[in-house]
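Q: Quick one: structure below, then a few questions.
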Amino acid sequence: MKTVHIETWGCQMNVHDSEKMAGILLAQGFATASAADHADLVLLNTCSVREKAAAKVFNRLGQLRLLKRERPEMIIGVCGCVAQVEGEAIFRRAPWVDLVMGPRTIARLADLLEEARRDGRSISLAESGDPVEFIPGTAARARGPKAYITVMEGCNKKCAFCIVPYTRGREAYRPAAEIVREAGEVVANGHCEVELLGQNVNAWHSAEDDFASLLHMVDRIPGLRRLRFTTSHPGHLTRRIMEAMRDLPSVCNHLHLPVQSGSDRVLRLMRRGYTRDRYLAKVGFLRRAIPGMALSTDLIVGFPGETEEDFAATLDLVREVQFEHLYAFAYSRRPGTPAAEATITVPEVEKAARLRRLLTLQEEIQGARNSDLVGRIFEVLMDGKSRMDPAVPKGRTRCNRIVHVPALGRAEGILDVRITRAHAHSLSGVPASSAPAA
Ligand code: SAM
């Protein structure tokens, strides 16, 4: 039996794209291999959001060259956004690569593999507006309670820093009936949590339906315990969506809502299409309407032209919102994006210093917020083992906090957990039934 090993970089969209690729290959008779060393087929599913990600891919290709020398029959493929950006250049820079496939053409994987075997090389890249063939029901999903479901591909935004619209193309929406059918199937197969995926997930619409209607449709699936979605754009976060989050029992009280900057001037330069006040108004509504509402965000520091005053506005916004979690990035120039042309840039040392200041502030906020939770009881869906100590089962609350439960033998099921210790990035607790009264 032939084996495949897939390595994935980047966001949840890429993780799920890899599951779709694995599904196609399992249907072709492949088995999965846990390492590249003995695999017949190695696919790198790549991300090009930041410059370093592409450099890492070429580094990894350098390592795989040694394996290919030992086993010339092995097939190496580069998939995802780096494949779309670099295209044919990958064959020139790494001639030992056999297959190049952009993120919009995953449905062609079996044919491309056949072509690579027959002709020695195959490539498939999509134009921005090309139709997307959604591949329902074939993904080989990771074990665990959560199942990802794609609702849309692409992104129609034109954020000045972001390469995604150029790599993933224009938005294409999956019909509601197909999404609901797939959600029903995964729940019937034992996944009790569904996460709807799209680069701009809350922009999803189809015929008369908007994203709030889709949440209502998925929420009705019997057996579904938790519903999440990512990534939301603040501009598309309508009152209807926020009310659906408040009213629907399965929708979790957590939202990832990238703000990118706390300065209106920088938000304008970034072409984000909202102001700090409009963002804060939505956060305020969510926090007032939904008990225990947790928020996470993405922030970029050192965007071209960002001054110390702009950065101070970002720190100020972080203090005001008190995010449960944040992902912060130093701005990385992406050729072809509008911001890449900027002449006033922030020096790398200054970007690094701002990143450190932002992360230090967030650690303080998270530490304090998590400490406040000691003694409280949360519903925890167990989903795996601690990364630091594989003997310790871990799960997540509905508000997406990681909770370690060392007293449990296995990471299974949903249970109430009393929080006994707080850390900066996680919590620890004991099953509430066994905890002494607080
Ligand atoms: N579609 C989402 C949005 O625009 O809010 C997420 C897009 S991206 C895949 C994930 C995050 O990477 C962004 O929210 C942003 O913070 C960060 N990012 C994107 N381009 C970047 C760049 N050129 N430099 C640094 N960070 C970047």
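Q: So which of Leu359, Leu355, Leu286 ends up being in a helix (DSSP H, G or I), away from the ligand (no atom under 12 Å from the Cβ), within 23 Å of the chain's Cα centre (by Cα) and under 23 Å from Lys52 (Cα atoms)?
A: Details: Leu355 fails: away from the ligand (no atom under 12 Å from the Cβ); Leu286 fails: under 23 Å from Lys52 (Cα atoms).
The unique qualifying residue is Leu359.
Q: Something else: Assuming Arg226 fulfils every condition listed in (1) over 27 Å from Ile149 (Cβ atoms); (2) buried (at least 16 other Cβ atoms within 10 Å of the Cβ); (3) among the basic types (Lys, Arg); (4) in contact with a Pro (Cβ under 9 Å, 6 or more places away or on another chain) apart from one, which condition is it?
A: So the condition that Arg226 fails would be (1).
Q: Tally time: how many residues in the stretch 24-58 are farther than 27 Å from Gln199 by Cα and surrounded by fewer than 16 Cβ atoms within 10 Å (Cβ to Cβ)?
A: Adding up the residues that qualify gives 9.
Q: Pick from Gly336, Gly273: which is within 13 Å of the ligand (Cβ to nearest atom), modelled with pLDDT under 95 and not in a helix (DSSP H, G or I)? It would help to see each step written out before you state the result.
A: Numbers: Gly273 fails: modelled with pLDDT under 95.
Result: Gly336 is the single residue among Gly336, Gly273 that is within 13 Å of the ligand (Cβ to nearest atom), modelled with pLDDT under 95 and not in a helix (DSSP H, G or I).
Q: OK, next. Only one residue in Ala107, Ala94, Ala53 is away from the ligand (no atom under 16 Å from the Cβ) and either within 22 Å of the chain's Cα centre (by Cα) or under 25 Å from Thr138 (Cα atoms) (or both), so which one is that?
A: Details: Ala94 fails: either within 22 Å of the chain's Cα centre (by Cα) or under 25 Å from Thr138 (Cα atoms) (or both); Ala53 fails: away from the ligand (no atom under 16 Å from the Cβ).
Matching residue, one of Ala107, Ala94, Ala53: Ala107.
Q: Among the residues of the stretch 394-411, count how many are in a loop (DSSP other than H, G, I, E, B) and closer than 19 Å to Gln366 by Cα. I'd like the intermediate steps shown before the answer.
A: First pass over the stretch 394-411, keeping only residues in a loop (DSSP other than H, G, I, E, B): 398-401, 405-411.
With closer than 19 Å to Gln366 by Cα added as a condition, the list becomes 398-401.
Adding up the residues that qualify gives 4.
Q: Turning to a different aspect of this structure: Under the condition of being free of Cβ contacts under 8 Å to residues at least 40 places away in the same chain and either acidic (Asp, Glu) or closer than 16 Å to Ile24 by Cα (or both), which residue from the stretch 125-150 is surrounded by the fewest Cβ atoms within 10 Å (Cβ to Cβ)?
A: Initial filter on the stretch 125-150 (free of Cβ contacts under 8 Å to residues at least 40 places away in the same chain): 130, 133, 143.
The next check asks that each one be either acidic (Asp, Glu) or closer than 16 Å to Ile24 by Cα (or both); those that pass are 130, 133.
On the way: Asp130: 15, Glu133: 12.
Once the filter is applied, the top-ranked residue is Glu133.
Q: Among the numbered conditions (1) modelled with pLDDT of 95 or more; (2) surrounded by fewer than 15 Cβ atoms within 10 Å (Cβ to Cβ); (3) not in a helix (DSSP H, G or I), tell me where Pro390 comes up short.
A: Looking at each condition in turn, Pro390 falls short on (1).
Q: Give the number of residues within the stretch 313-333 that are farther than 14 Å from Val266 by Cα, within 15 Å of the ligand (Cβ to nearest atom) and not aliphatic (A, V, I, L, M).
A: Total satisfying the criteria: 6.
The values are calculated or read from the model by the stated rules, or taken from the named source; none is laboratory data. Quick caveat: nothing in here was measured; it's all calculated off a predicted structure. Cβ atoms come from the backbone with ideal geometry, glycine included; neighbour counts cover every protein chain shown.
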